[in-house]
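Reviewing the structure listed below.
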Amino acid sequence: MPFYLAVFAFGAIIGSFLNVCIYRIPTGKSIVTPPSSCPSCGSPVKPYDNIPVISWLLLGGKCRSCKSGISARYPLVEALNGALWCAVFLRFEPDFTSAAIYAVLLSALVVITFIDLDHQIIPDSISIPGIPIGIVLGSFFLSDPFMPSEQLGWTSSAAGAALGFGLYYIIAVASRGGMGGGDIKLMGMLGGFLGWKGVLLTTFVGSLAGSVVGLGLVLFSGAGRKTKVPFGPFLALGGAVSIFYGQELLNWYLSHGWR
Ligand SMILES: [Zn+2]
């Protein structure tokens, strides 16, 4: 148990860094320097005020210097990343190599989700290097999330990257801009990590979740048909579902599915 507490704490500390990435990557600022400061008054965040989740609670969600509000999203991202890291280590135990790689992938998906929500872009600085990194790690180091006792292997990984990129390229062309270039690169990246089955499940889950949320927005918030809903967060959700439930969903499908 102390092990998983440590995994949560480390995941939450990384979550604090993810907040910096979410805030700075779209502006082109360095994610390393300068150290974090209050967006309102500019005073630097003291190390003892930078403890994930806890500092925000102790400060009552306010800057120590100027007392202006600090978004609850900061501690939420930290807690979310800690929880995701815990969950992925529990899922792949004792294969900690796969667990660690998928933990980093999930963190990248958290950053992509919030940047896409804020700016309707998926940063190339994550997705483009993510494609070759996904293929290399998927080919040689990762176990198959659909069969965790086996290696994913280079055929499934390379086929996944090609399918993810190709399928979403076709959708982007066919939908005339309904799907963006960022989604194409993101799916190329996810395909390398998750294999071709992961691309299919991610697409299924992403479309389903996207339709439900889109319909909800139209019905309950008065959003029009033309309201742009970024698709990246739904693809990220689909990728996470593939990592955590791919095996169970595949088994369920094979025993209940249409044949
Ligand atoms: Zn301040």
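What follows is calculated from the coordinates using simple rules that are stated; it is not laboratory data. Just so you know, these numbers come straight off a predicted model, no measurement behind them. Here the Cβ is made from the backbone with ideal geometry for all residues, glycine too, and neighbour counts use every protein chain on show.
Taking amide H positions as modeled 1.01 Å from N, with prolines and chain starts lacking one, the residues under 5 Å from residue 62 and 5 or more places away or on another chain are 70.
To the nearest 10 degrees, how steeply does helix 96-119 sit against the main Cα axis of the chain, on a 0 to 90 scale? Around 70 degrees separate the two axes. Cβ-Cβ distance of residue 5 and residue 67, R₀ of 30 Å, FRET efficiency by 1/(1 + (r/R0)^6): the value works out to about 0.40.
In terms of surrounding Cβ atoms within a 10 Å radius of their Cβ, 187, 147 rank from fewest to most as 147, 187.
Stretching residue 149 away from residue 254 to a fully extended chain increases their span by 36.0 nm, per 0.36 nm per residue minus the current alpha-carbon distance. Full extension of the chain segment joining residue 204 with residue 97 gains 35.8 nm, where the gain is 0.36 nm per residue of separation less the Cα-Cα distance. Remark on residue 37: its backbone amide H falls under 5 Å from those of 45, a criterion applied only to residues 5 or more positions apart or on other chains, H modelled at 1.01 Å from N.
Which net charge results when you count Lys and Arg as +1 and Asp and Glu as -1 among the other residues whose beta-carbon is under 13 Å from that of residue 164? Net charge in that neighbourhood comes out at +1. Helix 73-92 and the longest principal axis of the Cα set of the chain meet at an angle near 40°. Taking a straight line from the alpha carbon of residue 197, these aspartates and glutamates sit under 16 Å away, with near neighbours fewer than eight places off in the same chain left out: 144, 150, 248. Positive contributions from Lys and Arg (+1) and negative ones from Asp and Glu (-1), summed over other residues with Cβ under 14 Å from the Cβ of residue 86, come out at -1. Residue-wise HN-Hα couplings along the range 199-204, as the Karplus relation 6.51 cos²θ - 1.76 cosθ + 1.60 with θ = phi - 60° gives them from phi, are 4, 5, 5, 4, 5, 5 Hz; Gly and Pro carry x.
By the beta-carbon count within 10 Å of each Cβ, the least crowded to most crowded order of 124, 95, fewest first, is 124, 95. Going from the residue with the fewest nearby Cβ atoms within 10 Å to the one with the most, 53, 212 rank 212, 53.
Remark: the chain carries a charge dipole of roughly 840 debye about the Cα centre, counting +1 on each Lys and Arg Cβ and -1 on each Asp and Glu Cβ. Taking only Cα atoms, what is the 0 to 90° angle, nearest 10, from helix 124-140's long axis to the longest principal axis of the chain? Approximately 50 degrees, to the nearest 10.
Converting phi to 3J(HN,Hα) with the Karplus coefficients 6.51, -1.76 and 1.60 and the offset θ = phi - 60°, the range 59-65 yields 7, x, x, 10, 5, 5, 7 Hz in sequence order, with x at every glycine or proline.
Amide H contacts under 5 Å for residue 144: 150, 151, 152, restricted to partners 5 or more places along the chain or on a different chain, H placed in the peptide plane at 1.01 Å from N. Only aspartates and glutamates eight or more places from residue 46 in sequence, or on another chain, were considered; those with a Cα closer than 18 Å are 78. Residue-wise HN-Hα couplings along the range 141-149, as the Karplus relation 6.51 cos²θ - 1.76 cosθ + 1.60 with θ = phi - 60° gives them from phi, are 10, 8, 7, 6, x, 8, 8, x, 7 Hz; Gly and Pro carry x. Restriction of the trypsin sites (Lys or Arg not before Pro) in the range 168-229 to DSSP coil positions whose beta-carbon has at most 15 other beta-carbons within 10 angstrom yields 176, 225, 226, 228.
Sequence-distant contacts, meaning Cα pairs under 8 Å at least 6 residues apart, place the relative contact order of the chain at 17 percent.
When Lys and Arg each count +1 and Asp and Glu each count -1, what net charge do the other residues less than 15 Å away from residue 232, Cβ to Cβ, add up to? Cβ neighbours under 15 Å give a net charge of -2.
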